[in-house]
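K.L.:
This is the structure, below, for whatever I ask next.
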Amino acid sequence: MRLIIRNGWAAGLLSIAVGLGLGLATLTAAYAQAKQIPMRDFFKNPQESAHQISPDGKYLSWLAPYERRMNVFVKSLNGGDAWRVTSETARDISGYFWKGDRILYVKDFGGDENFHVVSVNLKGEDLKDLTPGEKVRAMIVDALVDHDNYIIVSHNKRDSKVFDVFRTDVKTGEQKLIAQNPGNITSWMTDHEGKLRIAGTTDGVNTTLLYREKEEEAFKPILTTNFKEQVEPILFTFDNKRLIVQSNRGRDKTAIFEFDPLTVKEGKLIAEHPEVDMGSVNYSRKRKVLTVANYTTWKGQRQFLDKEAENMFKAVEKKLPGYEIAFTSTNKAEDKYIVATFNDKSRGKRYLYSKADDKLDFIADISPWLPEAELADMKPISYQARDGLTINGYLTLPKGVAPKNLPVIVNPHGGPWARDEWRFNPEVQFLANRGYAVFQMNFRGSTGYGRKFWEASFKQWGKAMQDDVTDGVHWLIKEGVADPKRIGIYGGSYGGYTTLAGITFTPELYAAAVDYVGVSNLFTFLNTIPPYWTPYLAMLHEMVGHPEKDKELLTSASPALQADKIKTPLFIAQGAKDPRVNKAESDQMVEALKKRGVTVEYMVKENEGHGFRNEENRFEFYEAMEKFLAKHLKR
């Protein structure tokens, strides 16, 4: 946990000096106040994004706007004009990848999250929906990088609650069943040859790892743990005999191990950190070595596992001072790479790196219209919750303004089992540019801080989790940063729930609130989950509460059932097709307030789901939010 300061990242905490007895004066520099940047510059689609190199290294692809939607474009690395491959006009393409001489991408319909996999050739012709059907949700199990014509996908066409696995021809759309889900499998994994050899099941609270040595054999259970213990396969070792796993079995912080499916034991320790969980692992497909283990303290960090990868990273890092870098795409030969730069004030730029001659060529600036020099620093902070637990977070102060008596936007993250990280956040930068201090906190339950910190959130919605937010606000007031009369709260999803809970249980604390696709009633929320969440329902009951066994708890934690306590001006935004937080969550809150004669602003978008993805809807939402906050928080 970041409770202990060590390993270099202490510099980030010390630089802010918050909570260390030095006050906030050290944060202020003699800057001129930042210029106001147009709202649309923060929220319009990037000029380009998601750059990739084709597997043969001959082409560059990316997403760029066409008819206001992000579509795939391609050009030859030998020169010539770029051309558009896809023509989606209803929704942005959510993601794509190369497959031989074709592009595969995923799309949903109005935000319903029923993603389909679509295949098209490089001319933009021969379009095929590889996973057709109404209310079908598909996922890529294995892109089969070494096979140009096939992928392995799972989808729930047969049964909306579970996912079967198919080998699919990307040109014809023909599907061959590899494995039919017996009803309790929630995950599938292949080896390096594309053979389906790992599955995971759940009975709601216990997870079982299934294994088979050959694809022709039946799966056999090898390990069962309570969901609180994690032995999560990441990939096979390169001989396809053992697994690389994330495991917190018998420990608090998740580490990376080799795991032997025959002895069912963690073997060689590959990477760990004393204060935070380890995250993903990168590897070289060509050289068959693990290269990097990733983790997050106050910002993303990496532990190198391979000297060649480390040398390449450091060589490129020297060429791009002042930015974090990441290698985001490579060809099969692994001699060309896409390099992304980023920091807290920029979406960054993209470069093409040639490994052979150590050459870096500029490709694109993601959002060139955002002046980095006018944006605000995102600083790590920590404070003590009322029970003594250390809560880490971030504070972004408006540029060029003394950190005293400021209007503040409290911005709790969604999830709730996720976390905020140091990165460019357009919402945070927009609000800071409008003169607000933005306060983000990783309340208990936020991921990455170990099992004990995560479990401290169980059945604490509206309780200790909410106290962590409240205690942070009081800390900001005590430090002199926040004007206690000008504090607003804004969040999406679970952050939307936290917003509603904040103005329900501590109404005196907030002068304005914006709830974005947030939960309002824990009973109706648990009763309207998507069908494919059903296998996890018992786990949700243990983590959030059981509608019958914990009726009193859920009633006391549901803002919609206590709307008579709300006096704070409220703005709610909701997508009509949201599969996670049903529209009824917002409807019932609005209805409850209207019955009391309380005015609540309500924005519903019929073509959106869990968050607004279409550019024009984002513009309308943030314009309304800006006016709403200015009305209630600006003097």
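The values are calculated or read from the model by the stated rules, or taken from the named source; none is laboratory data. Not measured: the values here are computed from a predicted model. Cβ coordinates were reconstructed from backbone atoms using ideal geometry, including for glycine residues, and neighbour counts include every protein chain displayed. Just the protein is used for accessible areas: all its heavy atoms, side chains included, with ligands, DNA and RNA removed. Shrake-Rupley method; radii C 1.70, N 1.55, O 1.52, S 1.80 Å.
K.L.:
Confirm whether residue 341 is touching a strand residue (DSSP E or B) at 6+ places or on another chain (Cβ under 7 Å), more than 30 Å from residue 283 (Cβ to Cβ) and hydroxyl-bearing (Ser, Thr, Tyr).
P.N.:
Against the criterion (touching a strand residue (DSSP E or B) at 6+ places or on another chain (Cβ under 7 Å), more than 30 Å from residue 283 (Cβ to Cβ) and hydroxyl-bearing (Ser, Thr, Tyr)), residue 341 does not qualify.
K.L.:
Confirm whether residue 176 is modelled with pLDDT under 95 and either under 26 Å from the mean Cα position of the chain (by Cα) or within 26 Å of residue 531 (Cα to Cα) (or both).
P.N.:
no
K.L.:
Checking residue 400 against (1) closer than 27 Å to residue 450 by Cβ; (2) modelled with pLDDT under 95; (3) among the small types (Gly, Ala, Ser), only one condition comes out false. Which one?
P.N.:
(1)
K.L.:
Between residues in region 580-606 that are of a type in the set (S, T, N, Q) and residues that are part of a helix (DSSP H, G or I), which pairs lie under 6 Å by C-beta distance while being six or more apart or on different chains?
P.N.:
The qualifying pairs are 588/560.
K.L.:
Report, by residue number, each residue of region 330-383 that is more than 27 Å from the chain's Cα centre (by Cα) and of a type in the set (A, V, I, L, M, F, W, C).
P.N.:
333, 356, 360, 362
K.L.:
Look through 415, 450 and report the one residue that is more than 30 Å from residue 35 (Cβ to Cβ) and touching a Phe, Trp or Tyr at 6+ places or on another chain (Cβ under 7 Å).
P.N.:
415
K.L.:
When you look at residue 313, is it assigned to a strand (DSSP E or B) and over 23 Å from the mean Cα position of the chain (by Cα), yes or no?
P.N.:
no
K.L.:
State yes or no: is residue 105 aromatic (Phe, Trp, Tyr) and crowded, with 20+ Cβ neighbours inside 10 Å?
P.N.:
yes
K.L.:
Mind telling me which of the residues 352, 360 ends up being out of contact with any Asp or Glu (no Cβ under 8 Å at 6 or more places or on another chain), open to solvent by 10 Å² or more (accessible area, probe 1.4 Å), of a type outside the set (Ser, Thr, Tyr) and in a strand (DSSP E or B)? First the steps, then the outcome.
P.N.:
Details: 352 fails: out of contact with any Asp or Glu (no Cβ under 8 Å at 6 or more places or on another chain).
It is 360.
K.L.:
Condition first: surrounded by fewer than 19 Cβ atoms within 10 Å (Cβ to Cβ) and over 22 Å from residue 94 (Cα atoms). Now tell me which residues in region 605-628 satisfy that.
P.N.:
623, 624, 626, 627
K.L.:
Looking at this structure, is residue 263 among the β-branched types (Val, Ile, Thr), over 23 Å from the mean Cα position of the chain (by Cα) and either open to solvent by less than 60 Å² (accessible area, probe 1.4 Å) or modelled with pLDDT of 95 or more (or both)?
P.N.:
The answer is yes for residue 263.
K.L.:
Shifting gears a bit: Restricting attention to helices (runs of 4 or more DSSP H) lying wholly within region 483-592, give those where 3 or more residues are under 22 Å from the mean Cα position of the chain (by Cα), buried (at least 23 other Cβ atoms within 10 Å of the Cβ) and not aromatic (Phe, Trp, Tyr). Even if it seems obvious, please write down each step before you answer.
P.N.:
Details: elements: 494-505, 522-527, 537-543, 551-556.
Once the helices (runs of 4 or more DSSP H) in region 483-592 are filtered for at least 3 residues that are under 22 Å from the mean Cα position of the chain (by Cα), buried (at least 23 other Cβ atoms within 10 Å of the Cβ) and not aromatic (Phe, Trp, Tyr), what remains is 494-505.
K.L.:
Okay, next question. How many of the residues in region 82-91 are within 10 Å of residue 69 (Cα to Cα) and open to solvent by 30 Å² or more (accessible area, probe 1.4 Å)?
P.N.:
Residues in region 82-91 being within 10 Å of residue 69 (Cα to Cα) and open to solvent by 30 Å² or more (accessible area, probe 1.4 Å): 3 in total.
K.L.:
Out of region 63-106, which residues are among the charged types (D, E, K, R), part of a strand (DSSP E or B), over 17 Å from residue 330 (Cα atoms) and within 27 Å of the chain's Cα centre (by Cα)?
P.N.:
Result: 69, single match.
K.L.:
If you don't mind, there's one more thing I want to ask. Looking at (1) at pLDDT below 95; (2) more than 25 Å from the chain's Cα centre (by Cα), which is the one condition that is false for residue 164?
P.N.:
So residue 164 meets the others, but not (1).
K.L.:
A follow-up question, please. Within region 421-432, is there a residue that is open to solvent by 50 Å² or more (accessible area, probe 1.4 Å) and among the charged types (D, E, K, R)? Walk me through how you get there before you give the answer.
P.N.:
Applying the first criterion (open to solvent by 50 Å² or more (accessible area, probe 1.4 Å)) to region 421-432 yields 421, 423.
Subset that is among the charged types (D, E, K, R): 421, 423.
Checking region 421-432: at least one residue is open to solvent by 50 Å² or more (accessible area, probe 1.4 Å) and among the charged types (D, E, K, R).
K.L.:
Still on this model: When both residues are 6+ apart or on different chains and their Cβ atoms are under 6 Å apart, which pairs have a first residue that lies in region 210-226 and is closer than 16 Å to residue 265 by Cα and modelled with pLDDT of 95 or more, and a second that is assigned to a loop (DSSP other than H, G, I, E, B) and open to solvent by 90 Å² or more (accessible area, probe 1.4 Å)?
P.N.:
none
K.L.:
Just the residues that are surrounded by 20 or more Cβ atoms within 10 Å (Cβ to Cβ) and in contact with a strand residue (DSSP E or B) (Cβ under 6 Å, 6 or more places away or on another chain), please, taken from region 293-315.
P.N.:
Selection gives 293, 295, 298, 309.
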